Amino acid sequence: MNMNIKIMPSNTEMEEALLGCLISHPETFNKCEEYLADKDVWYNTYHKELWDILVAMKRKGEPIDLQTVTSNLTKEMLATKYNKFWITGLIDQSYMPSNVQTYAKKLYEQYLYRKTVETAKEISDKAYAGTSEVYDMLADTHTLIGNLIELQPSLGFDMSQVLIDSLSELEDRTPKQIKSGWKDIDVYGGGFTRGEVSIVGGRPGHGKTTMLINLLSNFIHAGYKVCMFNRELSIGEVIKKIACLESGKLSYKMIRNVQYDKDGLDEIKRTYDRMKSLYSKEKFIMFDKVKTYKQAALEVKKFKPDIVIDDYIQLIQADGNGSVFDGSRRLQIETICNEYKWLAKAQNCVVIVASQLNRALEYRKGQNATAVPLLSDLAESGAIEQIAENVIFSHYEYKFSTEQSDSVDVSPHKIKAVLAKVRYGETGSHILGFDGDKCKIYPTYREFEQSRQ
């Protein structure tokens, strides 16, 4: 007999105790469903099948008792010991309904142990094989360990200490908000809050990437640590845009088309030298080959930034192999938004994600040449809008309007920031100065005019 055989963590008696409670006291379903969302929490195959039957009955609104459950048993179950007599034995036990949630949590804990063992084995195999998939699996393991930790008894919190810490924060004037760097924008909601996700949206060519790069510059100059994911542009193109912004003299068009003279090249070198110090590896990290959310989350956990910028969410690839990201694209986007929300809370950072808009805005322009974006214009709007602290639209009316407009806002050097959602403040809009060739957004149009004098 092989004494080295190891049995996966499981508890048959507790599975039967929980099933007996649920059949005897179906009103307790709501207390345990969250721990049984994955039917693999049940280790015994027939227990799993009985759970499926109970869930189906509950969804149909059928009463749950000995007779109704027995009538739903499969032929395979009736031919085994898992038949109506077994069901009778389950409900004859004196299980306390108050223990339902405890039983469910214990079974969920056993399930997480099994998943951890399986994942560790896969990591070992893939590590020996030298495949890059091991990094995705490490992210999965991190999540599993986090779930196990959350199941441990909570120490709660000391209200007195929380009040002391909160008062200290107020006295030191160190709020959780991180300012955008544009005073007239921050006045609406106070800035971006740690632990929250904000959205910057816009149609193609309306300056949302330029807005993100300007936010990046503002954060870096304020001394914050930033992690940026570029999913559309290469790092090289983003660096050129940042250089134009930081220089204030360089032309993006000239750099991109390699049309600069010796003086221009000297300015590029000087700007790049300044950027080496300003955007140091301790303060800033950027990626353009990170395809999935899991890969991004792993990099964020390693770097521990104050702000994460992701440009843009519709280009984040879904993870395959039966993960939670499978299904319709709308559900994938919703899952990514929620995962980013939890990441922001866990890392105590701000997450700013760019989002594409649908074409509804362009269809409205025939009725109103200066129409501004609405929350419903967000692609996958329901999923994105619900999770966001702030939704800010970058609206470049000069490009949008195909006809001559009398609006004072329509100018090649004006861009409108539309704050369509502000969870902790007021909605509104503000005209910013805009110099597209220098990749620069000014706090006001007046400041743009002053820069030209």
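The values are calculated or read from the model by the stated rules, or taken from the named source; none is laboratory data. Please read all numbers here as calculations on a predicted model, not as lab measurements. Ideal geometry is used to build each Cβ from the backbone, glycine not excepted, and the neighbour counts take in all protein chains shown.
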**Message:** Being assigned by TED's automatic domain parsing to the domain that holds residue 180, surrounded by 21 or more Cβ atoms within 10 Å (Cβ to Cβ) and under 23 Å from residue 133 (Cβ atoms) is the requirement here; does residue 227 meet it?
**Reply:** yes
**Fill in**
If we keep only residues of region 204-226 that are β-branched (Val, Ile, Thr) and in contact with a strand residue (DSSP E or B) (Cβ under 8 Å, 6 or more places away or on another chain), then the residue nearest to residue 440 (Cα to Cα) is 210
**Message:** Of the conditions (1) of a type outside the set (D, E, K, R); (2) closer than 19 Å to residue 337 by Cα; (3) touching a His at 6+ places or on another chain (Cβ under 8 Å), residue 181 satisfies every one except a single condition; which number is it?
**Reply:** (2)
**Item:** Residue within region 233-245 that is under 25 Å from residue 292 (Cα atoms), among the basic types (Lys, Arg) and under 20 Å from the mean Cα position of the chain (by Cα) present
**Value:** no
**Asked** Taking residue 273, is it assigned by TED's automatic domain parsing to the domain that holds residue 192 and in contact with a Leu (Cβ under 7 Å, 6 or more places away or on another chain)?
**Response** no
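Quick grid of which residues meet (1) in contact (Cβ under 8 Å) with a residue 12 or more places away in the chain; (2) outside any helix (DSSP H, G or I); (3) within 26 Å of residue 7 (Cα to Cα); (4) in contact with a Ser or Thr (Cβ under 7 Å, 6 or more places away or on another chain):
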residue: 64; (1), (2), (3), (4): yes, yes, no, no
residue: 69; (1), (2), (3), (4): yes, no, no, no
residue: 88; (1), (2), (3), (4): yes, no, no, no
residue: 109; (1), (2), (3), (4): yes, no, yes, no
residue: 127; (1), (2), (3), (4): no, no, yes, no
**Request:** Name every residue in region 1-35 that is among the β-branched types (Val, Ile, Thr) and either on the phi > 0 side of the Ramachandran plot or assigned to a loop (DSSP other than H, G, I, E, B) (or both), in order of residue number.
**Result:** 5, 7
**Request:** Being touching a residue at least 60 places away in the same chain (Cβ under 8 Å) and part of a helix (DSSP H, G or I) is the filter; apply it to region 406-450 and report the residue that is surrounded by the fewest Cβ atoms within 10 Å (Cβ to Cβ).
**Result:** 437
**Prompt:** Limited to region 173-209, what total is found for residues that are among the hydrophobic types (A, V, I, L, M, F, W, C) and assigned to a helix (DSSP H, G or I)?
**Reply:** 2
**Asked** Only one of these conditions is not met by residue 254: (1) surrounded by 13 or more Cβ atoms within 10 Å (Cβ to Cβ); (2) touching a residue at least 12 places away in the same chain (Cβ under 8 Å); (3) under 26 Å from residue 432 (Cβ atoms). Which number is it?
**Response** (2)
**Message:** For region 36-58, give me each residue that is assigned to a loop (DSSP other than H, G, I, E, B) and surrounded by 14 or more Cβ atoms within 10 Å (Cβ to Cβ).
**Reply:** 42, 43, 44
**Request:** Might you let me know whether region 210-217 holds any residue that is in a helix (DSSP H, G or I) and farther than 26 Å from residue 191 by Cβ?
**Result:** no
**Asked** Quick check: is even one residue across region 375-390 of a type outside the set (A, V, I, L, M), in contact with a Ser or Thr (Cβ under 9 Å, 6 or more places away or on another chain) and modelled with pLDDT of 90 or more?
**Response** yes
**Asked** If you take the residues in region 73-90 that are crowded, with 17+ Cβ neighbours inside 10 Å and under 45 Å from the mean Cα position of the chain (by Cα), which one is nearest to residue 57 (Cα to Cα)?
**Response** 73
**Asked** Is there any pair linking a residue in region 1-28 that is not assigned by TED's automatic domain parsing to the domain that holds residue 54 and of a type in the set (Asp, Glu) to one that is at pLDDT below 90 and crowded, with 19+ Cβ neighbours inside 10 Å, with Cβ under 7 Å and at least six apart or on different chains, and which?
**Response** none
**Asked** For region 286-302, how many residues are surrounded by fewer than 18 Cβ atoms within 10 Å (Cβ to Cβ) and over 17 Å from residue 143 (Cα atoms)?
**Response** 5
